[in-house]
1. Are any residues in the stretch 180-228 over 15 Å from L51 (Cβ atoms), in contact (Cβ under 8 Å) with a residue 60 or more places away in the chain and polar (S, T, N, Q), and if so, which ones?
2. State the number of residues belonging to the stretch 126-158 that are assigned to a loop (DSSP other than H, G, I, E, B), within 30 Å of Q217 (Cβ to Cβ) and out of contact with any helix residue (DSSP H, G or I) (no Cβ under 8 Å at 6 or more places or on another chain).
3. Which condition number does A194 fail, the rest of (1) among the small types (G, A, S); (2) closer than 30 Å to L239 by Cα; (3) surrounded by fewer than 12 Cβ atoms within 10 Å (Cβ to Cβ) being met?
4. Among the residues of the stretch 47-91, count how many are polar (S, T, N, Q), farther than 17 Å from W195 by Cα and either surrounded by 19 or more Cβ atoms within 10 Å (Cβ to Cβ) or at pLDDT below 90 (or both).
5. How many residues are polar (S, T, N, Q) and in contact with a Ser or Thr (Cβ under 7 Å, 6 or more places away or on another chain) if we restrict to the stretch 211-231?
6. I want to confirm something. Restricting to the stretch 225-239 and keeping residues that are surrounded by 18 or more Cβ atoms within 10 Å (Cβ to Cβ) and of a type in the set (A, V, I, L, M, F, W, C), which single residue is farthest from A196 (Cα to Cα)?
7. Quick check, is L162 at pLDDT 75 or above, part of a helix (DSSP H, G or I) and of a type outside the set (K, R)?
8. May I ask you to list pairs of residues, at least six apart or on different chains, whose Cβ atoms are under 8 Å apart, with the first in the stretch 115-135 being free of Cβ contacts under 8 Å to residues at least 60 places away in the same chain and of a type outside the set (V, I, T) and the second being assigned to a helix (DSSP H, G or I) and surrounded by fewer than 16 Cβ atoms within 10 Å (Cβ to Cβ)?
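The values are calculated or read from the model by the stated rules, or taken from the named source; none is laboratory data. Only a predicted model underlies this, so the values are computations on that prediction, with no experimental measurement involved. Here the Cβ is made from the backbone with ideal geometry for all residues, glycine too, and neighbour counts use every protein chain on show.
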Amino acid sequence: MHRRLPLPVVCLAAIGAAFVALPVVALIVRAPWGDLGDALRGAGAGNAFRLSLMVSVAATALSVAFGVPLAWVLARGSFPGRSVLRAVVVLPLVLPPVVGGLGLLFALGRSGVAGRWLHEALGIQLTFTTWGAIVAATFVSMPLVVIATEAGLRSIDPRYELAAATLGARPSRTMWRVVMPMLAPQVAAGAVLAWARALGEFGATITFAGNLAGHTQTLPLAVYQARQTDPGGAIFLSLILVAISIIVLVSMRHRLTGGR
């Protein structure tokens, strides 16, 4: 059933859509398509893209590994300070990325609160390394896994778990054989969104890991550098990120719009 929409709503929606779409259209129009090959080679797209894939996949794996248990504790646990813990866990979503990077630097840097011990006791240095870029990307993307997983857990009827326990299933068996199969779509949705967020991370990465070609220079950082010396290359790198983002959002449209 198609309902007629009020004209003011349609007009304002059209302005809003044009406002969002115009920058993307401008990138397409201003791209020097005839110099595509030279621009991409000059901007170091290949190395930056490969590094971005590696960093984003590793960050997604870490986000799932730590985010799912965190969501489980928040959804199923009952303890003082749970709301505070939830706020802290999702804080990177609203925190300016550069502030998150600065926090990581003072926490895990070579002279940081925990980083000093990591360096002196284990010889581990995260700053200005690929692992530093992975840590920064994990910091900003893990909340998406936590939010999606916790929402999924809260939507699952706890009577399934009670029934499994009544039949003698241990908590670990109930988790893997009963809850996780029902929770898998939400975990997958959170993981995809976390991957996309990690792929586009800029502020925390450049603050904590730096912008070293071949080591920490992901696609967004390559765009930033190319903008100063090779505007055409910056445009093409930006369009790569736009295309990836659109593909992710289209593939996730049913999750984001409630099945429509």
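1. T207
2. Here is the first cut: in the stretch 126-158, the residues assigned to a loop (DSSP other than H, G, I, E, B) are 126-129, 156-158.
Narrowing the set further to residues that are within 30 Å of Q217 (Cβ to Cβ) leaves 126-129.
Cutting the leftovers down to out of contact with any helix residue (DSSP H, G or I) (no Cβ under 8 Å at 6 or more places or on another chain) gives us 128-129.
The total comes to 2.
3. Of everything listed in (1) among the small types (G, A, S); (2) closer than 30 Å to L239 by Cα; (3) surrounded by fewer than 12 Cβ atoms within 10 Å (Cβ to Cβ), A194 misses just condition (3).
4. The first filter runs over the stretch 47-91 and keeps only residues polar (S, T, N, Q), leaving 47, 52, 56, 60, 63, 78, 83.
From what's left, farther than 17 Å from W195 by Cα: 47, 78, 83.
Still in the running and either surrounded by 19 or more Cβ atoms within 10 Å (Cβ to Cβ) or at pLDDT below 90 (or both): 47, 78.
Total meeting the criteria: 2.
5. Here is the first cut: in the stretch 211-231, the residues polar (S, T, N, Q) are 211, 216-218, 225, 228-229.
Pick out the ones that are also in contact with a Ser or Thr (Cβ under 7 Å, 6 or more places away or on another chain) and you get 216, 218.
Going through the stretch 211-231 one residue at a time, the tally reaches 2.
6. At the first step, the residues of the stretch 225-239 found to be surrounded by 18 or more Cβ atoms within 10 Å (Cβ to Cβ) are 225-226, 230, 232-238.
So of that shortlist, the ones also of a type in the set (A, V, I, L, M, F, W, C) come out as 226, 234-237.
Numbers: A226: 21, A234: 19, I235: 19, F236: 18, L237: 15 Å.
Among residues in the stretch 225-239 that are surrounded by 18 or more Cβ atoms within 10 Å (Cβ to Cβ) and of a type in the set (A, V, I, L, M, F, W, C), the one farthest from A196 (Cα to Cα) is A226.
7. Details: at pLDDT 75 or above: no; part of a helix (DSSP H, G or I): yes; of a type outside the set (K, R): yes.
Considered against the rule, which asks whether it is at pLDDT 75 or above, part of a helix (DSSP H, G or I) and of a type outside the set (K, R), L162 comes out as no.
8. G115/A107
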